[in-house]
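*Asks:* One structure is given below, represented as structure tokens, and several questions about it will come after.
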Amino acid sequence: MNKKILVVENKRWYRLEAAAQLEDAFPEHDIQTARGRTEVDELIDVGSIPLDEIAIVCTGDLLDAGSTGWGVVERLRNRGYEGPALYIGVEFEIPERHRYLFSGKASYVRNNDLVEKVNQYLETQVQ
């Protein structure tokens, strides 16, 4: 079974761009996308994304239905997810009180930054 890379971003173009970069770079992983916390909860609750199958979470800042990237990661951590989380937001910095939730920050608009950062975390998991 392939591990999943979860991309959570409400802006369709950003979500699709990040997912396309990751699909090209990591064909051995399933790329799953969501628009916000409610959609992530639904995917987990119906079993589409078992927490132990998530290799890494990449999330933006402001998401659907008033949720935030840090809120999604906090929710995943509260549900038992212990893996890496990358912040890929472009509009806001992570608030200081939520920085502990993330493993790092990446950009899908800077050449190969997202792919390189995800690769670093995936290589660490294999070792």
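*Asks:* Given the chain reduced to its alpha-carbon atoms as identical point scatterers, what log10 I(q)/I(0) does the Debye formula return at q = 0.14, 0.15, 0.18, 0.20 Å⁻¹?
*Replies:* -0.52, -0.60, -0.90, -1.16
*Asks:* Next up: Net charge around ARG35, counting only other residues with Cβ within less than 15 Å of its Cβ (Lys, Arg = +1; Asp, Glu = -1)?
*Replies:* Net of charged neighbours comes to -2.
*Asks:* Taking amide H atoms as placed 1.01 Å from N in the peptide plane, list the residues 5 or more away in sequence, or in a different chain, whose amide H sits under 5 Å from that of ALA55.
*Replies:* LYS4, ILE5, LEU6
*Asks:* With each pseudo-label sitting 7 Å past Cα toward Cβ, what's the VAL46-ASP113 distance in nm, one decimal?
*Replies:* Taking the simple label geometry, VAL46 and ASP113 are separated by 3.4 nm.
*Asks:* Moving on. Of all DSSP beta bridges in region 4-126, what percent run antiparallel (nearest 5)?
*Replies:* So the antiparallel bridges in region 4-126 amount to around 5 percent.
*Asks:* Using a ≥ b ≥ c from the Cα gyration tensor of region 14-66 (square roots of the eigenvalues), is it rounded, prolate or oblate, where a/c under 1.5 gives rounded and otherwise the larger of a/b and b/c decides, a/b for prolate?
*Replies:* oblate
*Asks:* Need one number: nm distance between label points at GLN125 and VAL90, each 7 Å from Cα along Cα→Cβ, rounded to one decimal.
*Replies:* 2.5
*Asks:* How high is the relative contact order of region 4-126, in percent, counting Cα pairs under 8 Å that sit 6 or more residues apart?
*Replies:* Worked out over region 4-126, it gives 25 percent.
Read-outs throughout are calculated quantities, based only on the coordinates presented, and are distinct from any laboratory measurement. Because the structure is a prediction, the values reported are computed rather than measured. A quick note on method: Cβ atoms are made from the backbone with ideal geometry, for glycine too, and the neighbour counts reach across all protein chains shown.
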